[in-house]
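Enquirer: The structure follows.
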Amino acid sequence: MGDLLINLLASVIAGTAVWLTGFLLRRRKLNRARAFFGLTAGASCLLVVSRHASSPREFSVHRRDVAALVELATIARECGAHADRVGENQPTGEIGRLTEFCVGGPGASPRSATHVRAILRGVTYEIFDEDKRRMSFTVGGTDYVYSPETSYVLLARFWGPTGGRPIFFIGGLTAGSNLAGARYLTKHHPDLARTFGTDRPFALVLRITEPAAYGTDFTELIADVTDIAFQPPPHPDDETTPQPPEMPATHASS
């Protein structure tokens, strides 16, 4: 009888230790995710997305952008927060008041255009031409151009001038690229947290290979452009002689 009680007690202690270890690991993982995204239990965050470009309906959103919003809302839910979707013409409040996920490039989203103009000053997006065959963004002299075989998305985290909560920018060349960026963020945010911590901005270029055939499966990080994307604002007293722009290099798909 004594041996049975000792064995039962040992089993209870071992089981409790295993449960407690698992609980502490899950709690540590949760706290790291919350710190990385600037989220807390019960907090709100914003999902900013533009309406479907080819739809006449005011609140229509491309289905792949909807899928991207689902990925980002899942992040918020796992952190114990809740997400509010904001349309392109709805006010978002002061920057940094809430964590913001901004989906879509500046050609489709006025909010994204503001972020690129005010904060991502080292990045230039080309407005779509009439037949929408040329879509690209340029960072540091490299032109990332859409083709049926290859697309790109800029994934960035930054803060406003007064700090506060972070903004996550997912500026893809297509709605499918936006989805790829959201899924990459969902999957790789622990790696990004180890690299950039909780308080450092980053800007990364992701390449999506054969999106028509494989969707977002072949999404890879190809360039860290953090040092180039965030340029200081021009000083009003600076007087420089305009120089002719350099021709950007075209990024070749591998």
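Laboratory data are not the source of any read-out in this text; all were calculated from the coordinates shown. In this text, all values refer to a predicted model and were calculated from it rather than measured experimentally. Ideal geometry is used to build each Cβ from the backbone, glycine not excepted, and the neighbour counts take in all protein chains shown.
Enquirer: Would you mind working out the magnitude of the charge dipole of the stretch 172-216 relative to its Cα centre, with +1 at each Lys and Arg C-beta and -1 at each Asp and Glu C-beta, to the nearest 20 Debye?
Expert: 60 debye
Enquirer: What is the spin-label model distance, in nm, from THR162 to ARG63 if the labels are put 7 Å beyond Cα along the C-beta direction?
Expert: In this crude label model, THR162 to ARG63 measures out at 4.2 nm.
Enquirer: Does a label point 7 Å from the Cα of ASP227, set along Cα-to-beta-carbon, have any residues of the stretch 188-211 with amide nitrogen under 19 Å, and which are they?
Expert: Those under the cut-off are 195-197, 200-206.
Enquirer: Once fully extended, how much extra length lies between THR124 and ARG85, figured as 0.36 nm per residue of separation less the alpha-carbon to alpha-carbon distance?
Expert: Separation in residues times 0.36 nm, less the Cα-Cα distance, equals 11.4 nm.
Enquirer: Suppose R0 equals 35 Å. What FRET efficiency, 1/(1 + (r/R0)^6) with r the Cβ-Cβ distance, do ALA213 and ILE6 give to the nearest 0.05?
Expert: It comes out at approximately 0.05.
Enquirer: Express in nm, to one decimal, how much length is gained between PHE196 and SER147 on full extension, taking 0.36 nm for each residue of separation and deducting their alpha carbon distance.
Expert: 14.6 nm
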